[in-house]
Amino acid sequence: QLHACLALVLGRADLTPGLVTRHTVAETHKRRVRILLAEDNPTNQLVAVKLLEKLGYRVDAVANGQEALAALRTLPYDLVLMDCQMPEMDGFEATRQIRTPHSPIHNSQSPIRNPQIPIIAMTAHAMKGDRERCLAAGMTDYLSKPVQPADLAATLARWLAPDPEASPQDRDAGAGGEQAATATDAPEATPPVFDKAAFLSGVLGDAALAQEIATVFLGDMPGQIATLAAAVAAGACGPAEQQAHRIKGAAANVGGSALCAAAFAMETAGRGGDLAALRILLPELQTQFAALRAAMEQDAGKAG
């Protein structure tokens, strides 16, 4: 810390006069960090971007693995937050291409700048098998959705500004350990339609930001549900599973616990190839979204 403080003072003529502490060093370091976020869901993307900005980081966002690869060829990012399930190219395949020395992207005219860049998986599963799959693909660590601000801050601190005396093994030991032991993919038995407290907690109590996210969510979700309904009508269990997974993640981010549970049930049915169950469950999901929209709009009216 002493070395970092001295380097900061001696290397910056524009430093504001005053006491320089380890916190000054930390904030200066954050401003120099550039994070790439790969997330296709508009609600989840907005939540993550705003949280990162609140934590003091610069962030660029892309919507799939192919866009992530293109960005990593262009700019010197320090860390990637990688959603696992995305269209075009998912996070697993993008990570494999980044990590594989002989993949085409490393032999092109504009190769990946840093093949060893920390890649933090973001997954709505967080079960033990999913954690192992993330690590096997070459991901460095993982966060479960909905991402909690404290977990995000701790994970970024671990991989962007580790303790100088900590070994790589120490950092690896902390990777996702708490989440792996406690996380579950199963929703609660009687979830509320709208858990406002959980929603606000996820955005550090920022009511204005919560309203901005709610507006994006309510505008985007009808199209998401229409896509799910189309997949069910076509008898496509795989696409239905993936779409239900997207809805589940977005609902969890805004405190829509009942909608999240309904989407989880459809995701499970799609994974099992149970088309009959998907058809039965779809109306319940639509009902829960209508209830959530009414609750959020009523809450916004009271706030206004």
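No value in this document is a laboratory result; all are computed from the given coordinates. What you see is a predicted model; the values in this text were computed from it and never measured. Note: ideal-geometry Cβ built from the backbone for every residue, glycine included; neighbour counts use all protein chains shown.
What to note about this one:
- Length gained on full extension, residue 215 to residue 275: 18.4 nm, using 0.36 nm per residue less the C-alpha separation.
- Charge tally in the Cβ shell below 9 Å around residue 50, where Lys, Arg are +1 and Asp, Glu are -1, residue 50 excluded: -2
- The amide H of residue 142, built 1.01 Å from its N in the peptide plane, has 121, 176 as neighbours under 5 Å, considering only residues 5 or more places off or on other chains.
- Sequence-separation-based contact order of segment 197-304, relative, with Cα cut under 8 Å and 6+ spacing, percent: 25
- For the peptides 137-143, 235-241, the ranking by mean Cβ contacts within 10 Å, running from highest to lowest, is 137-143, 235-241.
- Averaged over residues, the count of other Cβ atoms within 10 Å places the peptides 77-88, 144-155 in the sequence 77-88, 144-155, highest first.
- Förster-model FRET efficiency, 30 Å R0, residue 284 and residue 196, C-beta, rounded to 0.05: 0.85
- Residue 138 sits among other residues whose Cβ lies under 12 Å from its own Cβ, and their net charge, with Lys and Arg +1 and Asp and Glu -1, is +1.
- Net charge of the neighbourhood of residue 38, taken over other residues with C-beta under 9 Å away and scored Lys/Arg +1, Asp/Glu -1, is -4.
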